[in-house]
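Here is the structure we will look at, set down as structure tokens.
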Amino acid sequence: MKKILTLFGTRPEIIKLAPVIWAMERHPSQWQSITVSSSQHTDLLRPFIKELSISVDHDLAVMTPGQTPSAVLARVIEAIEPLLIQERPDMVLVQGDTTTAIAGALAAFYARIPVGHVEAGLRTGNRNSPFPEEMNRRLITQLADFHFAATADNVKILLNDGVQQQNIILTGNPVVDALQHILACSSASSALSQLLDSIPLSQRIIVLTTHRRENFGQVMTSHLRALRRFVEKHEDVELIFPVHPNPSVRAVVGAEFIDAKRIHCIDPLEYADFLHLLSRSWLIVSDSGGVQEEAPSLGKPLLVLRDTTERPEVLECGVGKLVGHSGDQLEKMLEAAILDKSWFDVVRHTINPFGQGDAGERIVSAVAQFLESKETKV
Ligand code: UDP
């Protein structure tokens, strides 16, 4: 039996690691799964752990008010080290590009425990954008022994970075598994149903999420103003905006959307509700990474509030369009969307570049293979 320690600390990490943990739990004679939460985020993470039926074996409880990436990194490394020594797992799995992920990878490397990186090989090519995630990704690639890539492009990036082919496997992105599972076994909460029922079915709903550090301040203000102008101009458009708790977001939203008609600012939604909301949307506008994978999984068009993306597949398949940082550009693209039915037709028929919903199982069988090949070499 192999012991695998899975580390997560934020909402996107648990969404994408849950299918991997479920896959191990389906084969209890082969795997001992140890789940560790850094609690880098607490309020945003906790409901997701519950919703995705994950039981946390160890909570590192690192979050403090006003924390900086350096402080989180230091606390996670310090807190996880004794656990690694006590548990001696056969592999540590981390996901994506968060401070928790880089801290876990580094601590495991120091403890000489193999590191597996889920969602490996994403790059924007700009080391400062997104900040600090792009640098975290690059460093995790250096630290990891095994790389689970979501797309063929991600595999190429890893090969260009000097990773050996036998240590990379193409698995698809487990967000697709999580999304399919949650949509199949949930319905919208009464609060969300009430909101959606209050909006006539003929209305076009835009779902907005924005909370990236690069967009704070002027950029976010100009995006929100453009959205407000667009909604005011088109009476058949409503905007629903689950507002991130970050005070830098809340301050701008409070100033820009006050008394705005047909704009509904709500608290962040749990995953099932968020997916049900996206499913009912006409168009998504977002700067999130995960949403770029969810839009093609749900067949919804997406305007990406960034000037660059580490997920070019969403643009190449025709689902997403890059807006950049200008509010005027966003307004132009919204106006074009309302006229351009062909974009919506393309989106409906796109094949999802992020996989078919079997990434969790693929990752777990690749972990088994990697560990076996390591033993053979020893
Ligand atoms: N999400 C959610 N509720 C919300 C907003 C987002 O469940 O109110 C989910 C969304 O579906 C996506 C994830 O949170 O899978 C994205 O998280 P975030 O944007 O914080 O991180 P990123 O994906 O950019 O790393």
Query - Residue of V118, V56, V291 that the Gaussian network model of the chain assigns the largest fluctuation, springs spanning Cα pairs under 10 Å - result: V56
Query raised in the report: Over the range 238-378, what relative contact order in percent results from Cα pairs under 8 Å that are six or more residues apart?
Result: 17
Report task. Leaving ligands, DNA and RNA out of it, rank T171, T68 by accessible area with a 1.4 Å probe, largest first. Result -> T68, T171
Report task. With a probe of 1.4 Å, find how much accessible area the range 242-378 has per residue, and write the answer as a whole number in Å². Result -> 42
Report task. Quote the charge dipole size of the range 144-300 about the Cα centre in Debye, to the nearest 20; the model charges only the Cβ of Lys and Arg (+1) and of Asp and Glu (-1). Result -> 480
Requested in this report: Using only the Cα atoms of the range 120-245, build the gyration tensor, take square roots of its eigenvalues as a ≥ b ≥ c, and label the shape rounded, prolate or oblate: rounded if a/c is under 1.5, else prolate if a/b is larger than b/c, else oblate.
Outcome: oblate
Query raised in the report: How many Å³ per residue does the convex hull of the Cα positions in the chain occupy?
Result: 129
Report summary line: What helix-only [θ] at 222 nm does the chain give? Using -39500 (n - 2.57) per DSSP H run of at least 4, over all residues, to the nearest 500, the answer is -14500 deg cm²/dmol
**Report entry** Order by protection proxy (mean Cβ within 10 Å, highest first), peptides 207-215, 184-192, 267-275
**Finding:** 207-215, 267-275, 184-192
Report summary line: In order over the range 120-125: 3J(HN,Hα) from phi, Karplus 6.51/-1.76/1.60, θ = phi - 60°, whole Hz, x for each Gly or Pro, gives 8, x, 8, 8, 8, x
Query raised in the report: If we sort 360-371, 252-263 on the protection proxy, mean other Cβ atoms within 10 Å, highest first, what's the order?
Result: 360-371, 252-263
Query raised in the report: Given that compact globular proteins tend to follow 2.2 N^0.38 Å, what is the ratio of the alpha-carbon Rg of the range 278-378 to that value?
Result: 1.40
Report summary line: Placing +1 on each Lys and Arg Cβ and -1 on each Asp and Glu Cβ in the chain, then taking the dipole about the Cα centre, the residue among S222, I240, L275 whose Cα reaches farthest towards the positive end is S222
Query raised in the report: Mind ordering 237-246, 152-161 by average Cβ neighbours within 10 Å, highest first?
Result: 237-246, 152-161
Report task. State the percentage of accessible surface on the chain attributable to carbon and sulfur atoms; use a 1.4 Å probe and exclude ligands, DNA and RNA. Result -> 53
Query raised in the report: From the Cα gyration tensor of the range 220-280, with a ≥ b ≥ c the square roots of its eigenvalues, which class applies: rounded if a/c is under 1.5, or else prolate if a/b is larger than b/c, or else oblate?
Result: oblate
Requested in this report: Specify whether the C-alpha gyration tensor of the range 18-158 places it in the rounded, prolate or oblate class, a ≥ b ≥ c being the square roots of the eigenvalues: rounded for a/c under 1.5, otherwise prolate if a/b is larger than b/c and oblate if not.
Outcome: rounded
Query - Cα-based helix-to-principal-axis angle, 11-25 vs the chain, degrees rounded to 10 - result: 50
Query - For the chain: relative contact order, % (alpha-carbon pairs under 8 angstrom, 6 or more apart) - result: 16
Query raised in the report: Can you give the relative contact order of the range 114-172 as a percent, counting alpha carbon pairs under 8 Å and 6+ residues apart?
Result: 39
Requested in this report: Quick one: dipole size for the range 1-144, taken about the Cα centre, charges +1 on Lys/Arg Cβ and -1 on Asp/Glu Cβ, in debye to the nearest 20.
Outcome: 280
Report summary line: Here the range 249-331 gives, from Cα atoms, an Rg and Dmax in Å of 13.5, 38
Report task. Please name whichever of A337, H58, N126 sits farthest to the positive end of the charge dipole of the chain, dipole taken about the Cα centre and charges placed at Cβ: Lys and Arg +1, Asp and Glu -1. Result -> N126
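The values are calculated or read from the model by the stated rules, or taken from the named source; none is laboratory data. It should be emphasised that the depicted structure is a prediction, and the values quoted were computed from it without experimental measurement. Ideal geometry is used to build each Cβ from the backbone, glycine not excepted, and the neighbour counts take in all protein chains shown. Side chains are part of the model used for accessible areas, which takes the heavy atoms of the whole protein and leaves out ligands, DNA and RNA. Shrake-Rupley method; radii C 1.70, N 1.55, O 1.52, S 1.80 Å.
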